[in-house]
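Undergrad: Once you've had a glance at the structure underneath, I'll fire off some questions.
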Amino acid sequence: MTTRPNRAARPGSYHHGDLRRALIEAGTALARAGGPDAVVLREVTRQVGVTANAAYRHFADRDALVAAVCSDAQTAVALTMEAELAEVEPSGDDGADACAHLRAVGAGYLRFAATEPGLFLTAFSVPDDLRRAASEDSAGDSGRTPFQLLAGALDEMVMAGVLAPERRPGAEFLAWSAVHGLAVLALGGPLSGLDRATLERVGQRLLEMVDAGLQGPRP
């Protein structure tokens, strides 16, 4: 997984004035190991080495801490998607490149789910409609969130002439639902027993189907 370098939270060890970040990093470590339910305020404060009262100066309650960890997890998703995008070699064909970028966005999403299941489940655990989808706290190095990276790939397809403008509205929700559904089924659902190679093939086929389905029937 591609992540930004950060300071490890250790008991009694954080920079003065940066307790909030230390608490988030400790919560993120718990989420990585056990998903959103593992982010417990008491355990976070124990790991950082402060009292609960000190934590409450930064987070009103556990839900507020989980929301902050959720944003960090979404940033990690965005970074993995950006890394996948960076691997796409330009072909000289704008349409082909746009489609390749859409598939790369989806491949990065699936790769993150497979390699960081705890953080993946945490990233989308806060029922915050789409407000977090555009929050700079959830963005990667490009300044775009996972949802914005998907939207950007779809806009590129329109500009390249491979996605009709009338088929663009709502395309994010269709693509996201398909890829997220596979990720969840593979994590803890009936597809969790499939081996990694099979899941990768299924994921590739799904991304091809999403690409073709969004473009619509050929004339």
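The values are calculated or read from the model by the stated rules, or taken from the named source; none is laboratory data. From a predicted model like this one, the values you see are computed outputs, not experimental measurements. Cβ sites come from the backbone with ideal geometry, for glycine too, and all protein chains shown count toward neighbours.
Undergrad: Could you tell me which numbered condition Ser71 fails, if it satisfies all but one of (1) at pLDDT 95 or above; (2) buried (at least 19 other Cβ atoms within 10 Å of the Cβ); (3) under 30 Å from Leu102 (Cα atoms)?
TA: With respect to (1) at pLDDT 95 or above; (2) buried (at least 19 other Cβ atoms within 10 Å of the Cβ); (3) under 30 Å from Leu102 (Cα atoms), Ser71 is out only on (1).
Undergrad: Condition check: of a type in the set (Val, Ile, Thr) and more than 19 Å from Val39 (Cα to Cα). Does Thr80 satisfy that?
TA: For Thr80, the condition - of a type in the set (Val, Ile, Thr) and more than 19 Å from Val39 (Cα to Cα) - is met.
Undergrad: Pull up segment 154-183, narrow it to residues that are free of Cβ contacts under 8 Å to residues at least 12 places away in the same chain and not small (Gly, Ala, Ser), then point me to the one that is nearest to Gly34 (Cα to Cα).
TA: Taking the candidates together, the pick is Phe173.
Undergrad: Taking Leu23, is it under 25 Å from Ala183 (Cβ atoms) and buried (at least 16 other Cβ atoms within 10 Å of the Cβ)?
TA: no
Undergrad: Identify all residues within segment 194-219 that are under 24 Å from Val162 (Cβ atoms), of a type outside the set (D, E, K, R) and exposed (fewer than 14 other Cβ atoms within 10 Å of the Cβ); write none if there are none.
TA: Across segment 194-219, the qualifying residues are Met209, Ala212, Gly216, Pro217, Pro219.
Undergrad: Looking for something part of a loop (DSSP other than H, G, I, E, B), at pLDDT 95 or above and closer than 19 Å to Glu208 by Cα - is there at least one such residue anywhere in segment 125-144?
TA: No; the residues of segment 125-144 include none that is part of a loop (DSSP other than H, G, I, E, B), at pLDDT 95 or above and closer than 19 Å to Glu208 by Cα.
Undergrad: Then there's this: For segment 74-91, enumerate the residues that are among the hydrophobic types (A, V, I, L, M, F, W, C) and either modelled with pLDDT under 95 or not in a loop (DSSP other than H, G, I, E, B) (or both). Outline the logic, then answer.
TA: Quick first cut of segment 74-91, residues among the hydrophobic types (A, V, I, L, M, F, W, C) only: 76-79, 81, 83, 85-86, 88.
Of everything in segment 74-91, those that are among the hydrophobic types (A, V, I, L, M, F, W, C) and either modelled with pLDDT under 95 or not in a loop (DSSP other than H, G, I, E, B) (or both) turn out to be Ala76, Val77, Ala78, Leu79, Met81, Ala83, Leu85, Ala86.
Undergrad: Name the residue, out of Ala133, Ala78, Ala96, that is among the small types (Gly, Ala, Ser), within 14 Å of the chain's Cα centre (by Cα) and surrounded by fewer than 20 Cβ atoms within 10 Å (Cβ to Cβ).
TA: Checking each option against the conditions leaves just Ala133.
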